[in-house]
Amino acid sequence: MIKKVVNYDGYDYDYTKYWKDREYENNAEHLVLDKFLKDKHGSWFIDIGGSYGRLADTYANKFDRCIVLDYSLKTLKKNLHIVKEKFPNVTFIAANAYKMPFRPNSFDGGLMVRVLHHIERQEEYFNELTRILKDDSIYIQEFANKIHLKARIRALLKRDKALLSKEPLQQPTINMEGSRDGDVSFLNYHPQYIKEILETCNIEVKDRQGCSFFRIPLFKKILGANLLTLLEEIFQKLLPNSNIPPSIFLKTEIDKDDEEETSYETLQQILVCPMCKSSLAFGENKAICDNCHKEYIKDDNIWDFRVE
Ligand SMILES: C[S@@+](CC[C@H](N)C(=O)[O-])C[C@H]1O[C@@H](n2cnc3c(N)ncnc32)[C@H](O)[C@@H]1O
Ligand SMILES: [Zn+2]
């Protein structure tokens with residue numbers, strides 16, 4: 001059974017609160033993204049499932065026009081003015097990662113962090129992703145690592161064989177991140193599974209970095225965020241390829257040969273109908289698909305292109 005798209009709106013889940021006491025994890029992820037995006041620049045960049053724009057500071061000064069795409073319109077509405085103040089070149093768009101409202105070859109770069117656990121049909125998502133990214137563009141994919149050290153010890157103690165298989169592992173979902181009663185996916189992945197699926201979709205892995213080596217409550221309590229961040233930096237350098245940490249980042253490059261030269265200046269030029277990918281006729285706060293005639297609304301400066 002295909003699970004529904006996770007809807008943080010429906011459960012009134014405030015994701016900004018999740019990060020209030022997670023300074024160390026936030027720093028650890030910024031370390032990786034700063035390394036992978038060093039010397040990168042370009043025109044359009046997309047942060048898929050970007051929520052309230054937590055990671056905007058890693059790309060918004062490098063790319064001319066950036067989009068934070070998320071299914072949670074409430075989160076986008078609440079946080080747009082905060083991000084806009086710091087980064088006027090960032091636009092928020094409500095849409096579904098499986099059905100994105102952009103022309104082929106629109107973006108020079110993109111990332112997805114802490115979202116793939118909600119993506120049940122990974123191949124479908126990666127094919128949609130490669131459609132909107134240009135040939136040779138950079139894409140950073142983070143995923144929750146199924147075989148991290150704590151999980152291996154736990155599995156050993158419980159004699160649980162689930163870790164031996166490459167299949168994604170569904171985690172308990174009660175009251176976590178906008179889900180309830182297992183109604184949405186919350187998947188941890190075997191690194192080999194992700195590698196194979198990326199290869200199938202012509203996404204070439206160029207670099208790899210384990211992240212959040214010290215995501216253990218006791219460490220955080222005793223050592224504090226600053227010291228842990230320092231240790232994290234050392235461990236990231238020493239053990240980039242390790243499967244010890246719970247989170248893995250892949251720096252990838254899109255490889256496609258159907259490249260048509262594109263150079264889009266404005267948002268309206270890259271937007272299409274997310275359902276049938278046809279052009280849109282724009283009114284002031286409305287867009288209608290030329291082909292299927294579906295109507296989309298812009299509310300509080302945020303386009304709502306959410307379709308299932
Ligand atoms: C755990 S949060 C991560 C947010 C952000 N990437 C970060 O690391 O701070 C997951 C986000 O993914 C979004 N999401 C999940 N499935 C999605 C989908 N199919 N399309 C768009 N957004 C999705 C949720 O709305 C939520 O904001
Ligand atoms: Zn259409």
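The values are calculated or read from the model by the stated rules, or taken from the named source; none is laboratory data. Model, not experiment: these values are computed from the prediction. Reconstructed Cβ throughout: ideal geometry from the backbone, glycine too, with neighbour counts over all protein chains shown.
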Mind listing just one residue for me: the one in region 259-308 that is among the hydroxyl-bearing types (Ser, Thr, Tyr) and within 16 Å of ligand 2 (Cβ to nearest atom) and, of those, farthest from residue 81 (Cα to Cα)? 278
Across region 24-43, what is the number of residues that are touching a helix residue (DSSP H, G or I) at 6+ places or on another chain (Cβ under 7 Å) and part of a strand (DSSP E or B)? 0
Scope region 25-56; condition among the charged types (D, E, K, R) and under 15 Å from the mean Cα position of the chain (by Cα); matching residues: 29, 47, 54
Out of all the residues in region 239-259, is one or more under 24 Å from the mean Cα position of the chain (by Cα), of a type in the set (S, T, N, Q), within 16 Å of ligand 1 (Cβ to nearest atom) and at pLDDT 95 or above? yes
Answer with yes or no whether residue 254 is touching a residue at least 60 places away in the same chain (Cβ under 8 Å), surrounded by 17 or more Cβ atoms within 10 Å (Cβ to Cβ), out of contact with any Gly (no Cβ under 7 Å at 6 or more places or on another chain) and closer than 29 Å to residue 135 by Cα. yes
If residue 6 satisfies every condition in (1) hydrophobic (A, V, I, L, M, F, W, C); (2) more than 21 Å from residue 129 (Cα to Cα); (3) out of contact with any strand residue (DSSP E or B) (no Cβ under 9 Å at 6 or more places or on another chain) but one, which is the exception? (2)
When restricted to 219, 305, 213, the only residue of a type in the set (A, V, I, L, M, F, W, C) and within 16 Å of ligand 1 (Cβ to nearest atom) is 305
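Table: residues versus (1) within 16 Å of ligand 1 (Cβ to nearest atom); (2) touching a strand residue (DSSP E or B) at 6+ places or on another chain (Cβ under 6 Å); (3) acidic (Asp, Glu); (4) in contact (Cβ under 8 Å) with a residue 24 or more places away in the chain.
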| site | (1), (2), (3), (4) |
| --- | --- |
| 99 | yes, no, no, yes |
| 102 | yes, no, no, yes |
| 109 | yes, yes, no, yes |
| 112 | yes, yes, no, yes |
| 122 | yes, no, no, yes |
| 129 | yes, no, no, yes |
| 139 | yes, yes, no, yes |
| 149 | no, no, no, yes |
| 157 | no, no, no, no |
Which condition number in (1) among the hydrophobic types (A, V, I, L, M, F, W, C); (2) closer than 29 Å to residue 231 by Cα; (3) crowded, with 21+ Cβ neighbours inside 10 Å is the one that residue 90 fails? (2)
Just name the residue that is nearest to residue 70 (Cα to Cα) out of those in region 289-302 that are surrounded by 15 or more Cβ atoms within 10 Å (Cβ to Cβ) and more than 16 Å from ligand 1 (Cβ to nearest atom). 298
How many residues does region 183-232 contain that are assigned to a loop (DSSP other than H, G, I, E, B) and closer than 25 Å to residue 4 by Cα? 6
What tally of residues in region 96-112 results from selecting those that are touching a Leu at 6+ places or on another chain (Cβ under 6 Å) and part of a loop (DSSP other than H, G, I, E, B)? 1
Hey, any hits in region 78-95 for a residue that's within 9 Å of ligand 1 (Cβ to nearest atom), in a loop (DSSP other than H, G, I, E, B) and small (Gly, Ala, Ser)? no
If we keep just the residues of region 168-182 that are in a loop (DSSP other than H, G, I, E, B) and at pLDDT 70 or above, which is surrounded by the fewest Cβ atoms within 10 Å (Cβ to Cβ)? 172
Given the options 57, 9, 21, name the one that is acidic (Asp, Glu), surrounded by fewer than 15 Cβ atoms within 10 Å (Cβ to Cβ) and either part of a loop (DSSP other than H, G, I, E, B) or within 16 Å of ligand 2 (Cβ to nearest atom) (or both). 21
